Amino acid sequence: MNEYQFVLPYPPSLNTYWRRRGSQYYISDKGQKYRKDVQKIIRQLKLDIFTKSRLRIKVIADVPDSRRRDLDNILKGLLDSLIHAGFAEDDEQFDDIRVIRGVKVPGGRLGIKITELENV
């Protein structure tokens, strides 16, 4: 089982990551920037491996401020960005997803730990 640990910037909220025009949904400018930032980090760490394994992810969400936040709102943008960056093929591969609220950090950040699971 391979394990990968790294830090990513705090994502925009789900409501600002996605936009809607009529019946069409698209990724906002903030969402596009976040995707590019994640892609740059994943490539720098040489983690654009397109793994096919089943995955477990643990996220420590160090929030940017004291506002009330739903931690589950960070997942879709985070997982989509990891897939777009080439870490894995599809966010369907994540079998175990855990998000833990961390401490307040200016700007926020996500501590990521991804483990490849044994093939079942």
#### Entry: Members of segment 1-39 found to be assigned to a helix (DSSP H, G or I) and within 14 Å of Ala85 (Cα to Cα), listed by number
Gly31, Gln32, Lys33, Tyr34, Arg35, Lys36, Asp37, Val38, Gln39
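Rundown of residues vs (1) more than 16 Å from Glu116 (Cβ to Cβ); (2) at pLDDT below 90; (3) among the acidic types (Asp, Glu); (4) in contact with a Pro (Cβ under 6 Å, 6 or more places away or on another chain), yes/no style:
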| residue | (1), (2), (3), (4) |
| --- | --- |
| Val7 | yes, no, no, no |
| Thr16 | yes, yes, no, no |
| Arg35 | yes, no, no, no |
| Leu45 | no, no, no, no |
### Task
Write out, first by first residue and then by second, each pair whose Cβ atoms fall under 7 Å of each other, whose residues are 6+ apart or on separate chains, and whose first residue, in segment 51-73, is at pLDDT below 95 while the second is among the hydroxyl-bearing types (Ser, Thr, Tyr).
Asn73/Ser13
### Task
Please list, ordered by first then second residue, the pairs with beta carbon atoms under 6 Å, 6 or more apart or interchain, first in segment 1-18 and in contact (Cβ under 8 Å) with a residue 40 or more places away in the chain, second acidic (Asp, Glu).
Met1/Glu116; Asn2/Glu116; Pro9/Asp37
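Looking at Asp29, is it more than 13 Å from Phe6 (Cβ to Cβ), modelled with pLDDT of 95 or more and among the charged types (D, E, K, R)? Outline the logic, then answer.
On the way: more than 13 Å from Phe6 (Cβ to Cβ): yes; modelled with pLDDT of 95 or more: no; among the charged types (D, E, K, R): yes.
Criteria not met by Asp29.
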#### Entry: Candidate set: segment 1-42, residues that are surrounded by 13 or more Cβ atoms within 10 Å (Cβ to Cβ) and among the β-branched types (Val, Ile, Thr); chosen: the one nearest to the chain's Cα centre (by Cα)
Val38
### segment 74-116: number of residues that are under 21 Å from Arg43 (Cα atoms) and free of Cβ contacts under 8 Å to residues at least 24 places away in the same chain
4
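Applying the selection to segment 106-120, what residues are among the β-branched types (Val, Ile, Thr) and surrounded by 13 or more Cβ atoms within 10 Å (Cβ to Cβ)?
Our first condition is that a residue be among the β-branched types (Val, Ile, Thr); within segment 106-120, this holds for 112, 114-115, 120.
Those that are among the β-branched types (Val, Ile, Thr) and surrounded by 13 or more Cβ atoms within 10 Å (Cβ to Cβ): Ile112, Ile114, Thr115.
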### Query
Is it true that some residue in segment 74-97 is more than 20 Å from Ile27 (Cα to Cα), exposed (fewer than 15 other Cβ atoms within 10 Å of the Cβ), in contact with a strand residue (DSSP E or B) (Cβ under 9 Å, 6 or more places away or on another chain) and modelled with pLDDT of 95 or more?
yes
### Selected residue (only one of Arg68, Arg101 is farther than 23 Å from Tyr4 by Cα and either touching a Gly at 6+ places or on another chain (Cβ under 8 Å) or loosely packed, with under 13 Cβ neighbours inside 10 Å (or both))
Arg68
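The values are calculated or read from the model by the stated rules, or taken from the named source; none is laboratory data. Only a predicted model underlies this, so the values are computations on that prediction, with no experimental measurement involved. Glycine gets a Cβ as well: all are built from the backbone with ideal geometry, and neighbour counts include every protein chain shown.
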